[in-house]
There are 4 protein chains.
Amino acid sequence: MVSKADKAKMHELYIELVKLQREIIASGLKLLILLEGRDAAGKDGTVKRLIKHLSPRETRVVALNKPDSRETTEWYFQRYTEHLPAAGEFVIFNRSWYNRAGVEKVMGFCSDEQYHDFMQDVALFEEMLCNSDIMLIKYYLDISKKEQKKRLDDRRKDPLKQWKISPIDKKAQKHWDDYSEARDMMLDRTDFNFAPWYVVDSENKDAMHLELIQHLLSLLEYKDKNEVLLSGDLNLINPVRILDLKKDLYQ
Amino acid sequence: MVSKADKAKMHELYIELVKLQREIIASGLKLLILLEGRDAAGKDGTVKRLIKHLSPRETRVVALNKPDSRETTEWYFQRYTEHLPAAGEFVIFNRSWYNRAGVEKVMGFCSDEQYHDFMQDVALFEEMLCNSDIMLIKYYLDISKKEQKKRLDDRRKDPLKQWKISPIDKKAQKHWDDYSEARDMMLDRTDFNFAPWYVVDSENKDAMHLELIQHLLSLLEYKDKNEVLLSGDLNLINPVRILDLKKDLYQ
Amino acid sequence: MVSKADKAKMHELYIELVKLQREIIASGLKLLILLEGRDAAGKDGTVKRLIKHLSPRETRVVALNKPDSRETTEWYFQRYTEHLPAAGEFVIFNRSWYNRAGVEKVMGFCSDEQYHDFMQDVALFEEMLCNSDIMLIKYYLDISKKEQKKRLDDRRKDPLKQWKISPIDKKAQKHWDDYSEARDMMLDRTDFNFAPWYVVDSENKDAMHLELIQHLLSLLEYKDKNEVLLSGDLNLINPVRILDLKKDLYQ
Amino acid sequence: MVSKADKAKMHELYIELVKLQREIIASGLKLLILLEGRDAAGKDGTVKRLIKHLSPRETRVVALNKPDSRETTEWYFQRYTEHLPAAGEFVIFNRSWYNRAGVEKVMGFCSDEQYHDFMQDVALFEEMLCNSDIMLIKYYLDISKKEQKKRLDDRRKDPLKQWKISPIDKKAQKHWDDYSEARDMMLDRTDFNFAPWYVVDSENKDAMHLELIQHLLSLLEYKDKNEVLLSGDLNLINPVRILDLKKDLYQ
């Protein structure tokens, strides 16, 4: 159960998100948020909260299907580029081009060469986006193996979540260590100065939603910002650079 | 406040919607729901409930912006056609081509000739869609003048609903009677055997949501249908043909 | 070989086409030309001449591939509608929705029901387009069985026309009579007052190109029209209604 | 007038282009040709010859209009990316992203900052495309000031070329030196090892078409290549790196 205090805080954060969007529209800013994380890490729920009170016209959530046969032969980033934000747009990618560094690598959906090309090209690609004044913010939602198991089990039993079940998430537990390794490699090699990764401890969904939104707001400038609200400590979110990846902090 | 019984019923209805979607996907059906109604009649909230537990991949909500300069010269239905459902898709139009019979007519955004052409062509157009096995279901959400005023006033005060305010809804109350007349004309002339209108008394949002979803489910066939749940009386929804439009039942 | 006189006439006709396009752009007209006909009837060459001196920006040639798996489940006309002309546009469909009444019927690519639905819906669809001020002009290029054989044979030997060879045109001769029957049915049943068919005797390509362009220009109004040029007799083009389809005039 | 020998040679080259396309389709290659050059340098005519006998289905000519208001705020390369070749495609850009280094810079359609960002980003962008196995070939068609004047004058008098006249080409002669400077800067700074520039002396159109096609074919591998035909000297085409840009060889 969400506490009254948390509900009140979320309400205040929603108001800040609305102010942020007003600023984005008024100043012609371009915001692009990438959400990555294992199956059941909480991406869908986070999207839901981020957009709950935003104007649908200037907000876009992009969750691409797997590429069709033509797309698999295109320049890898091509199918993503058409969804990039133009002026005034607030865009969230629920999974992104980092698929190649995660599920595609682990499940063998791309070749080693494609993986290595990606790890090289993604730096060039994101640098260009940032040069073009896109504010790119990357979150990795992290959960423990035990928590993932619990959520996937719950999902299977819940008649309202049947559509979420895919053949791939059946393998999430089995390939846990491979996913960990792929994640560490990704966070280590694609944490750019111009586009850093933030790792979000997502064991507790409600707490995580509050912190992620607070963190996002604190990164950006907008009119009438409620600095007091955003000044609270953040315990669940860390730039990847201060984490010791070697020690596999997030299991 | 929503009662516990209503919450429980909504939960049951959500499960039925999931079953319906499973049937749509499995049988390659094509479902198209049009939601019309005045500003603040409750369209957004209805959409939210309809899709809350559906698979995003096979569900689409279409809320088109006003046409751009090229689109205004196209065949009127052209910009809508690309969003029609293919096999397995559950599509909701939040406002639709009926804009021309409502806001465009009342606000003078189309010529008389365009209006008359539309009233003629819409029959041909919808007949073709139905011939092509699209299940087309049209709901008109109806509210009283007083309730609309209350909702628009609330909206203006709510910091989370600022984006909903448009110059047009400021005129909703002023042009109340014109909108009533346009609605009556529309319901009278576009209530086709192959695509009838259902008028939904929307004064009470929560009650309306329950009934609309129950009504929708009762119209369609799908596996493991919970007939008992759907057998309850519907008091808020009526086919337009049994209403006496002359008497302006819905103010 | 093309005679000097014919070359000179074609040059004059090109100038008229440019004037026509200028009128279309200036007056915001919408022109849609459908070219139908058997394999090797001369559609590609006709398109080439029509557009040779037109502004590419306001001219569009649409030659759709066969529908992909999603498209086959859509409303039949859907994939065509996005290519309809907006104001100022000169659009040519090289084959069109009439595929269903021709190759699809003959080769069994659609069901009988789909064929019958099409024959019914096409009247509604074209009526709507015409209501929406699209000038719709339909040409059927007709050739004899012998001439088709000659052209297909030439094509097979020409190293520059290899790409034109398809498995379907190998069956063009074999199914000659079926195509004749399908054509007669189509011309008979889809020759609408608002969108008549013109049958073009295409045995002689060069003569046909001259007449088709002259005929097209004579149908339309535009500034500085060269009436003298367009007043010559047309011997190769006839409205379908004056032909006696029963007698199978075009073999 | 084109000599008989040149006509015969062009015919042979067309056959080679058809073989090349067959190889592209069979091997799933991706070919992207950029054509740049001043107004009236001969880009349209070159495109025409390149595609004359190719299969339209696997060939694409991309000539983008100026960006609309949304596009001007996007990532600069975004509107180009959707037209990049997938496997089996032969794509020609008639003008390209290099607009920013040419007409946009000279006519002041972009800011200095946008220009400098472009000059930096284009290296990253093209490197990525090449990493993704797109064969990128860049031609700059060069003409003298006198020849351009002659062609623009002819164009103005030719009733069939009216649509080619734009307010911008009226300034082509006036800004000749600015365009020269912009061209030199572009050729100097964007001649990458992975995507070099070839400068084509285009004073004589017919001669240039023959050489450009021969050059293109000689760069690529394909089955049944006619090495003898392609072994002739090329006098009009040079890699930019062997030209002494300082001396302004191409006026």
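Structure notes:
- A helix-only calculation puts chain C at -13000 deg cm²/dmol for mean residue ellipticity at 222 nm, using -39500 (n - 2.57) for each DSSP H run of at least four residues, averaged over all residues.
- Projected-area mean, chain A, by convex hull of Cα positions, square nanometres: 13.9 nm²
- For A:132-139, mean number of other protein chain Cβ atoms within 10 Å: 2
- Rounded, prolate or oblate (a/c below 1.5 giving rounded, otherwise prolate when a/b exceeds b/c) for the protein assembly as shown by Cα gyration tensor: oblate
- For chain B, the per residue solvent-accessible surface stands at 46 Å², with DNA, RNA and ligands left out and a 1.4 Å probe.
- Note on segment A:4-242: with charges restricted to the Cβ of Lys and Arg (+1) and Asp and Glu (-1), its dipole about the Cα centre is near 1200 debye.
- Each Lys or Arg adds one and each Asp or Glu subtracts one; over the other residues with Cβ under 10 Å from the Cβ of A:ASP191, this totals +2.
- The protein assembly as shown, accessible surface, carbon-and-sulfur percent (1.4 angstrom probe): 50 percent
- Rotation relating D and B, chain B residue nearest the axis via C-beta, angstrom: B:ASP68, 4
- Counting charges near C:ASN204 (Lys, Arg +1; Asp, Glu -1) among other residues having Cβ under 10 Å from its Cβ returns a value of -4.
- Student exercise, segment B:1-140 dipole from Lys, Arg, Asp, Glu Cβ charges, in Debye to nearest 20: 900 debye
- Förster-model FRET efficiency, 30 Å R0, A:ASN204 and B:ASP44, C-beta, rounded to 0.05: 0.50
- Dipole magnitude (debye, nearest 20) for the protein assembly as shown, charges at Cβ of Lys, Arg, Asp, Glu: 0 debye
- All other residues whose Cβ lies under 12 angstrom from that of B:TYR139 are scored, Lys and Arg at +1 and Asp and Glu at -1, for a net of -1.
- A crude spin-label estimate for the pair A:ALA63 and C:LYS225, with each label 7 Å from Cα along the Cβ direction, gives 5.7 nm.
- Equivalent ellipsoid semi-axes - Cα gyration tensor, segment B:1-91, angstrom: 29, 20, 8
- Of C:THR73, A:THR190, the order by accessible heavy-atom surface (1.4 Å probe, DNA, RNA and ligands excluded), from most exposed downward, is C:THR73, A:THR190.
- Cα centroid separation - segment B:20-93 against segment A:55-86, whole Å: 20 Å
- Inter-chain Cβ neighbour count for A:75-84, averaged per residue, equals 5 (cutoff 10 Å, partner chain atoms only).
- 7 Å along Cα→Cβ, label-point gaps from B:GLU203 to other copies, nm, shortest first: 5.3, 7.9, 8.9
- GluC sites (Glu not before Pro) lying in DSSP loop within segment D:64-153, provided at most 14 other Cβ fall within 10 Å: D:GLU82
- For segment A:49-149, the Cα gyration tensor yields ellipsoid semi-axes of 24, 20, 14 Å (square root of five times each eigenvalue, largest first, whole Å).
- Under the criterion of Cα pairs below 8 Å and six or more residues apart, the relative contact order for chain A equals 27 percent.
- Between B:SER55 and B:SER3, the C-beta separation translates, for a Förster distance of 25 Å, into a calculated FRET efficiency of about 0.30.
- Accessible area buried, both sides summed, chains B and A with 1.4 Å probe, Å²: 1500 Å²
- Per-copy distances of the A:TYR80 label point, shortest first, in nm (7 angstrom along Cα→Cβ): 2.0, 3.7, 4.0
- Per-peptide packing, taken as the mean over residues of other Cβ atoms within 10 Å, places B:134-144, B:175-185 in the sequence B:134-144, B:175-185 from highest down.
- Per residue, the Cα convex hull of segment A:123-251 amounts to 154 Å³.
- Inter-copy label distances at B:PHE192, using a point 7 Å along Cα-to-Cβ, come to 1.4, 5.2, 5.4 nm with the shortest given first.
- Per-residue shielding of C:158-165, expressed as the average number of other chain Cβ atoms within 10 Å of the residue Cβ, stands at 5.
The values are calculated or read from the model by the stated rules, or taken from the named source; none is laboratory data. Here the structure is a predicted model, which means the values were calculated and not measured. Cβ: placed from backbone, ideal geometry, glycine included. Neighbour counts: every protein chain shown. SASA here: full protein model, heavy atoms, side chains in, ligands and nucleic acids out. Shrake-Rupley method; radii C 1.70, N 1.55, O 1.52, S 1.80 Å.
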